[in-house]
1. Any idea how far the Cα center of segment 269-308 sits from the one of segment 120-134, in Å?
2. Segment 236-371: percent of C-alpha pairs farther apart than 25 Å?
3. Leaving out ligands, DNA and RNA, what percent of the accessible area of the chain is carbon and sulfur, probe 1.4 Å?
4. Suppose accessible area is computed on protein heavy atoms with a 1.4 Å probe; arrange C43, C95 from highest to lowest.
5. Taking R0 as 25 Å, what FRET efficiency do you get between W196 and D274 from their Cβ-Cβ distance, rounded to the nearest 0.05?
6. In what sequence, largest accessible area first, do D20, D286 appear using a 1.4 Å probe?
7. Hey, can you find the accessible area per residue of the chain for me, probe 1.4 Å, expressed in square angstrom?
8. Solvent-accessible area of E305, probe 1.4 Å, all protein chains present, reported in Å² to the nearest ten, please.
Amino acid sequence: YDLFCISLVSKLLGRIYYTDLAGDNPGSLPPNVSAAVNGVALCGTLAGQLFFGWLGDKLGRKSVYGFTLVLMVVCSVASGLSFGRTAKGVVATLCFFRFWLGFGIGGDYPLSATIMSEYANKRTRGAFIAAVFAMQGFGILFGAIVALVVSAGFRNAYPAPSYADGRAASLVPEADYVWRIILMFGTVPAALTYYWRMKMPETARYTALIARNAKQAAADMSKVLDTEIQEDADRAEAVAAGGAGNEWGLFSRQFVRRHGVHLVATTSTWFLLDIAFYSQNLFQKDIFSKVGWIPPARTMNAVEEVFRIARAQALIALCGTIPGYWFTVAFIDVAGRFAIQLMGFAMMTVFMLGLAAPYHHWTTPGNHTGFVVMYGFTFFFA
């Protein structure tokens, strides 16, 4: 929700703070400002992943998991506030707090996958970790739904003409609340998970192998599995005492020899996927506008444009992103990780080439439905 809700309101920010009423079209964020507003949270995410991943090995998954949540809640609220009324003040505040919001999200990313992998058994581990990431699809959809509800409410409460029919009147002063509410609403899903995070015991693998407390690990797993596993404690004690390769550093020769290829392969595929996935999600509304699926900005008022963008993004999430995630959850332990990933990359390539090569065809009236179907499939396979 927090990462992608910014794409729903960035056009509104351009209208509010960069509109020149002498122009034929409403204002938009300058390219450098747009890149900063959309991308600064990802910069924070990268830093947060490295820092909290390291801290999770030092202090434990549970305590760090709680801290990242508090950081996200505070920064979600703060990103909807601003120091001053000028464009520079608003954008600077937004970028500052979205960086730290991304920092907290960056901690959540690796810790969520690590906690799930350390709790799951081998038979269902693939499905469980896939389910962790599949919730991202619901976050994207939830963001679009919140934007739809908020924009629809403001559109009905404060009717306004299109920019072409009344330049100043198309931007009601209350529109400034719309983007703030949408960004601040990110606190709700985060805060709802706080109680369960605090009740969750530390993962047994961390407690036994890093904290070297096998008795506590056995007690925690007994609580989680609702069964007595005391006899496993002695075996865990022996593993913890022996080290069993746990002393290998990330850049040690032993680690590189045993896991180097796996690490390079998984990190590079994540990197390549994210170039396509995040850029297409964050700049989706620009693509919709270019191909004509969303009407020209001058034919709508400011709040109506937010509504149209949210509706389009909800449709892509509902028909492409979410089904793709849960297809993987269902079949990852049947078809295997490698086969599903290979299929995903291959089909994304096919559909992106199918959109890019005959691009002019998709922009002509009457072909928008075909474009949306093809575009939805790229997200299904992503």
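1. Cα centroid to Cα centroid, the span is 31 Å.
2. It works out to 50 percent of all Cα pairs.
3. 68
4. C43, C95
5. Once the sixth-power term is evaluated, E becomes 0.35.
6. D20, D286
7. 50
8. 10
The values are calculated or read from the model by the stated rules, or taken from the named source; none is laboratory data. These figures come from a predicted structure and were not determined experimentally. Cβ: placed from backbone, ideal geometry, glycine included. Neighbour counts: every protein chain shown. Accessible surface is based on the protein model in full, side chains and every heavy atom, while ligands, DNA and RNA are left aside. Shrake-Rupley method; radii C 1.70, N 1.55, O 1.52, S 1.80 Å.
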